Amino acid sequence: RFNQQGNAAATYLFEKAVALEPEFARAHAGLSFTHFQNAFLHYSADAKAEMILARSHAEQGLERDSLDPFVNFNMGRSYWLEGELDQSLSWLERATELSPSYAQGLYSRAWADTISGRAARGHESINKAVSLSPMDPLLYAMLGTRAFAFAINGQYPDAAKWADKAAHSPGAHVLIQMIAVLAHRLNGDSAKSEKWAASVHRKNSQLGLADFFQAFPFEDPATRKKFSEALKNSGFKD
């Protein structure tokens, strides 16, 4: 379950697996995944320590099985946390080269491409990921990335539609709701934007623009400006 309690339970079980079998690559990759969640969603007060652990466990998984797509996937995601998107993309591409039908790998490639300004390529990968795994546990993130791609291209009605679907999907976290905030604001629907903003503030009143752009480090200045203004107009501060 993609919440703090579920993430803590998963961490405990992956740690127990590593203790029982230190050479189990996927258990190390699982720990990388949970420490990524701790940093990305601010479950821990020490995000830097969680970032280090996410990278360390991904590296340990890689040492044990360099051909496991899930291991490579987590290695790529560990670079997201520091905004090193080119480094991230090389590992995510490797994950999908090892397993061309790996939906979460395709989604992650799409995310990195979209954040880096290659929305068309990202959109293509997202469509493939969703078709391969329409009930994926990370579906909310796939649909959120699709919404980003439409928003970057100025297709605001489509961005708003898919952002809504993402935010209503099982497991969607508060940062996904921020995508819905900006998508509806860009689409000119202030009522829906404010409704999602209120939900975000109820869940985490401290979230601001810095948190959003730390999670989604868009490289294109025009995109950052457009999204920043949309969020500011919905009550989020620097």
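Against the definition (within 21 Å of Glu97 (Cβ to Cβ), touching a residue at least 40 places away in the same chain (Cβ under 8 Å) and open to solvent by less than 30 Å² (accessible area, probe 1.4 Å)), how does Ala29 come out, yes or no?
On the way: within 21 Å of Glu97 (Cβ to Cβ): yes; touching a residue at least 40 places away in the same chain (Cβ under 8 Å): yes; open to solvent by less than 30 Å² (accessible area, probe 1.4 Å): yes.
So Ala29 fits the description; yes.
Please work out which one of (1) within 19 Å of Arg121 (Cα to Cα); (2) open to solvent by 10 Å² or more (accessible area, probe 1.4 Å) is the condition Lys226 fails and give its number.
Lys226 satisfies all of (1) within 19 Å of Arg121 (Cα to Cα); (2) open to solvent by 10 Å² or more (accessible area, probe 1.4 Å) except (1).
Of the residues Leu175, Leu138, which single one is in contact (Cβ under 8 Å) with a residue 60 or more places away in the chain and open to solvent by less than 10 Å² (accessible area, probe 1.4 Å)? Give the steps one after another, and end with the answer.
Numbers: Leu138 fails: in contact (Cβ under 8 Å) with a residue 60 or more places away in the chain.
The unique qualifying residue is Leu175.
Taking Gln155, is it open to solvent by 10 Å² or more (accessible area, probe 1.4 Å) and free of Cβ contacts under 8 Å to residues at least 24 places away in the same chain? Don't jump to the end; show me each part of the working.
Working: open to solvent by 10 Å² or more (accessible area, probe 1.4 Å): yes; free of Cβ contacts under 8 Å to residues at least 24 places away in the same chain: yes.
Yes; evaluated as a whole, the condition is true for this residue.
How many of the residues making up region 137-164 are within 30 Å of Gly6 (Cα to Cα) and either more than 17 Å from the chain's Cα centre (by Cα) or of a type in the set (A, V, I, L, M, F, W, C) (or both)?
Result for region 137-164: 13.
Only one of these conditions is not met by Asn74: (1) surrounded by fewer than 23 Cβ atoms within 10 Å (Cβ to Cβ); (2) closer than 24 Å to Ala19 by Cβ. Which number is it?
(1)
Just wondering, is there one or more residues in region 201-211 that are under 24 Å from Leu106 (Cα atoms), assigned to a helix (DSSP H, G or I), open to solvent by less than 50 Å² (accessible area, probe 1.4 Å) and in contact with a Ser or Thr (Cβ under 9 Å, 6 or more places away or on another chain)? Break it down into steps so the answer makes sense when it comes.
Just the residues of region 201-211 that are under 24 Å from Leu106 (Cα atoms), to begin with: none.
Within region 201-211 (the criterion being under 24 Å from Leu106 (Cα atoms), assigned to a helix (DSSP H, G or I), open to solvent by less than 50 Å² (accessible area, probe 1.4 Å) and in contact with a Ser or Thr (Cβ under 9 Å, 6 or more places away or on another chain)), the answer is no, since none of the residues qualifies.
The values are calculated or read from the model by the stated rules, or taken from the named source; none is laboratory data. The shown structure was predicted, so the numbers you read here are calculated from the model rather than taken from an experiment. Please note: Cβ atoms are built from the backbone with ideal geometry, for glycine as well, and neighbour counts cover all protein chains shown. SASA here: full protein model, heavy atoms, side chains in, ligands and nucleic acids out. Shrake-Rupley method; radii C 1.70, N 1.55, O 1.52, S 1.80 Å.
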